[in-house]
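The values are calculated or read from the model by the stated rules, or taken from the named source; none is laboratory data. A quick note: this is a predicted structure, and the numbers were derived from the prediction, not measured. Note: ideal-geometry Cβ built from the backbone for every residue, glycine included; neighbour counts use all protein chains shown. Note: areas computed on protein heavy atoms with side chains; ligands, DNA, RNA excluded. Shrake-Rupley method; radii C 1.70, N 1.55, O 1.52, S 1.80 Å.
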Amino acid sequence: MIVRLRPTTLADLDWVLAAEGHPENAPFVTRWTSEQHAAALGHADMRHLVIETVADGRAVGYVILAGLAGAGDGIELRRIVVTEKRRGHGRETLRVIKTMVFRELGTQRLWLDVRTNNPKAKRLYEEEGFVVEGTSADGLIILSIQGEDRA
């Protein structure tokens, strides 16, 4: 394992905002304010997590999960932002998240949406077992994976 997840703290939010606004991430992420991220930290229905390397604890991204209060109906991977690209951090994070939501949180469905201008992410999700369910009214591609389908 090359990454682990830990709860995001208020002290992390400047870093989170910088990661979200970085030119490699900004075209693919709906930006939140610091207040929106802070509200997510204490929200019972969400988990806001920093992705860090196991080797040295360096932050390399963050994740937001939503729908935890009704986990039986599925959990949304609302956001995954990775700052160090092409090193396997995103793929490994998806695997850690799948284990967390299916084994620890007991859901049977993990879903997400991806913008049409992000074919690399869509391909990664599909390689990790997600299947396209459809397209939202605002043009986002909806993908999901069922608990029994996980790799």
task: Report, ordered by the first and then the second residue, all pairs with beta carbons closer than 9 Å, sequence separation of six or more or different chains, a first member in the range 30-56 that is closer than 24 Å to Ile2 by Cα, and a second member that is hydroxyl-bearing (Ser, Thr, Tyr) and assigned to a strand (DSSP E or B).
output: His48/Tyr62; Leu49/Tyr62; Val50/Tyr62; Ile51/Tyr62
- prompt: If you take the residues in the range 28-46 that are open to solvent by 60 Å² or more (accessible area, probe 1.4 Å) and assigned to a helix (DSSP H, G or I), which one is nearest to Arg79 (Cα to Cα)?
  reply: Phe28
statement: Inside the range 65-83, the number of residues satisfying the requirement of being of a type outside the set (Val, Ile, Thr), within 17 Å of Glu104 (Cβ to Cβ) and not in a helix (DSSP H, G or I) is 6
query: What number goes with the only condition from (1) within 17 Å of Val114 (Cβ to Cβ); (2) at pLDDT below 95 that Gly72 does not pass?
result: (1)
- prompt: Looking at this structure, is Gly106 under 15 Å from Asp12 (Cβ atoms) and at pLDDT below 95?
  reply: no
- prompt: Name the pairs whose Cβ atoms lie under 6 Å apart, with the first residue in the range 109-122 and assigned to a loop (DSSP other than H, G, I, E, B), the second open to solvent by 60 Å² or more (accessible area, probe 1.4 Å), and 6 or more positions between them or separate chains?
  reply: Arg115/Phe28; Asn118/Phe28
query: Going through the range 1-27 one residue at a time, which ones are open to solvent by 50 Å² or more (accessible area, probe 1.4 Å), in contact with a Ser or Thr (Cβ under 9 Å, 6 or more places away or on another chain) and either part of a loop (DSSP other than H, G, I, E, B) or modelled with pLDDT under 95 (or both)?
result: Ile2, His22, Glu24
field: Tabulated pairs, the range 61-75, first free of Cβ contacts under 8 Å to residues at least 60 places away in the same chain, second basic (Lys, Arg) and not in a helix (DSSP H, G or I), C-beta under 6 angstrom, 6+ apart or interchain
entry: Ile64/Arg78; Ile64/Arg79; Leu65/Arg47; Ala66/Arg78
Subset of the range 71-119 (residues that are under 23 Å from Gly139 (Cα atoms) and among the hydroxyl-bearing types (Ser, Thr, Tyr)): Thr116
message: Looking only at the range 97-151, how many residues end up being under 27 Å from Pro27 (Cβ atoms), of a type in the set (S, T, N, Q) and surrounded by 15 or more Cβ atoms within 10 Å (Cβ to Cβ)?
response: 2
query: What is the number of the single condition among (1) in a strand (DSSP E or B); (2) of a type outside the set (D, E, K, R); (3) closer than 19 Å to Ile2 by Cα; (4) open to solvent by less than 20 Å² (accessible area, probe 1.4 Å) that Leu94 does not meet?
result: (1)
